[in-house]
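Notes follow the structure.
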Amino acid sequence: MNLTVADIHAKAAEIIAEGAFFEVEQREIGGREFAVYKHAPATLIDVLQSGRNHGDLEFMVYEGERISYQEFYVRADALASVLQNRFKIAKGDRVAIAMRNNPQWAIAYTAATLIGAIVVPINSWGKTDELSYAIKDCRPGVLVCDAARLKLLDGIFADFGIDAIVAGEGAEAAAGQDRVHTFDALVAEGKGGSYELDNADPNDSCVILYTSGSTGFPKGVVHRHVAACQSLMNMMWLGMLLMELEGARELRGGAERETPILTVPLFHCTGLLSGFLLPLQTAQKVVMMYKWDTLKALELIQNERVTTLSSVPAIVMDLLSHPEFDNFDTASLLRVTGAGAATPAGMPELIAEKVGSPSRSAGYGMTETMAVASTMSGSIYDLKPDAAGIVSPIMEFQFRDADGKV
């Protein structure tokens, strides 16, 4: 394919033009004019409710457990009922989540969002000081966590004056403390219960994402429903742009559905969007891991017919260069994405060598921008693999020197 930069920009302009599904218009948000996708879902409530249409399809695979979309929503509705009726979580209250990736993380996020709470994903890689700082900073009504995170708060948890809902291994033992409950018991309690679904406005706040704190204390970045929905729509726009340029790519290697393997944390916007919300919206199956283990990942790719590996370059390189890689059937891999850091020398070539010309991707974004900034995939990526992508139609960029000159 003799693709040129001019071809890309011409096609991008075509699919965001007036009357197109990805039409872009100007809209006032918070007193400023922004470019937005006209037909994007209005709120995350709309996104989350759409997932109910996928019924008995398998949604999540984690440590041998398989959860269908239907069962996912049974648990989410049960927890939403308990949060609203027992813990009195109301619209605008914060619900913090501090635990490793697992289905309970996504269930808690869904339940809290459905009742209008502002979800606060907390960095589960931090120690006591970082966890305590985030809780004091966001002032949640409830903390949903795993036993390891609660252990970090030994001796100080009572000072926060909140309830903890503990999921996973060690939850029963932790529940012996005052105001500490097990996730499973509350879900069982809430099954069949009712709750009032939030009548969200696109401009309502829905999530607070913390920055890494590399230049000081982490900042809690408050995002609106409209920001999250526009980010999801932008990911779909990129997929449509690529399909228009090179045609649809067929599933391969025995894969029957789009199946990403989640290797980045859900507390980060990349994991939240591409690892949970977009798959939910588009009926994908998500394969989760307790922690990164290269051999385990190779087994899961083979056994679950994983189609997408999207991670930081270090993990992509670790997987592709593993001495056992060629002993596993990875033919289902259709997309391999490295983001979150500069593309290392040799990575594009290694992907092509090991995965048989998949759709490679890269991009740039920030917590403050809800990830969306610039992205590229497939033949667009192949045109200039060391770039950071093409600027999103809904983003504005400026370059300034040290003196602030534009």
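Measuring r between the beta carbons of residue 243 and residue 205 and using R0 = 41 Å, the FRET efficiency lands at 0.75.
Summarising the label geometry, the points placed 7 Å from Cα in the beta-carbon direction at residue 86 and residue 396 lie 4.7 nm from one another. Secondary-structure-derived ellipticity at 222 nm for the chain, considering helices only, amounts to -10000 deg cm²/dmol, per-run term -39500 (n - 2.57) for DSSP H runs with n ≥ 4.
Protection proxy ranking, highest mean first, for peptides 145-151, 94-100, 214-220: 94-100, 145-151, 214-220, where packing is the per-residue count of other beta-carbon atoms within 10 Å, averaged. In a fully extended conformation the segment linking residue 169 and residue 32 would gain 44.6 nm over its present Cα-Cα distance, using 0.36 nm per residue. Accessible area ranking (1.4 Å probe, heavy atoms, ligands and nucleic acids excluded), largest first, for 87, 21: 21, 87. For the chain, modelled as a GNM with alpha-carbon contacts under 10 angstrom, which of 274, 124, 194 fluctuates the most? Of 274, 124, 194, the Gaussian network model singles out 194 as fluctuating most. Note on residue 368: accessible area is roughly 80 Å² with a 1.4 Å probe, heavy atoms of protein only. Rolling a 1.4 angstrom probe over the chain with all protein chains present gives an accessible area of which 50% lies on carbon and sulfur atoms. Accessible area per residue for the range 344-399 is 45 Å², calculated with a 1.4 Å probe on protein heavy atoms, without ligands, DNA or RNA. Largest first, the residues 209, 152 sort by 1.4 Å accessible area into 152, 209.
Counting only Cβ charges, +1 for Lys and Arg and -1 for Asp and Glu, the dipole size of the chain around its Cα centre is about 520 debye. Using the Cα centre of the range 235-356 as origin and beta-carbon charges of +1 (Lys, Arg) and -1 (Asp, Glu), tell me which of 265, 303, 240 is placed farthest towards the positive end of the dipole. Result: 265.
Of 34, 325, the order by accessible heavy-atom surface (1.4 Å probe, DNA, RNA and ligands excluded), from most exposed downward, is 34, 325.
As a calculated quantity, the FRET efficiency between residue 127 and residue 321 at R0 = 22 Å, using C-beta atoms, amounts to about 0.10. What the range 28-71 shows is 50 Å² of accessible area per residue, with the surface traced by a 1.4 Å probe over protein heavy atoms.
Only one residue of 374, 90, 394 has its Cα farthest out toward the positive end of the dipole of the chain, where Lys and Arg carry +1 and Asp and Glu -1 on Cβ, and that residue is 90.
Checking the Cα-Cα distances for 38/191; 219/405; 38/136; 219/296; 191/291 against a 32 Å cut-off, the pairs over it are 38/191; 38/136; 219/296. Taking every protein chain into account, the accessible area of the range 141-189 amounts to 46 square angstrom per residue (probe 1.4 Å).
The values are calculated or read from the model by the stated rules, or taken from the named source; none is laboratory data. Just so it is clear, the model here is predicted, and its values are computed rather than measured. Positions of Cβ are generated from backbone atoms using ideal geometry, with glycine treated the same way; all protein chains shown enter the neighbour counts. In case anyone asks, the SASA skips ligands and DNA or RNA and just uses the protein heavy atoms, side chains included. Shrake-Rupley method; radii C 1.70, N 1.55, O 1.52, S 1.80 Å.
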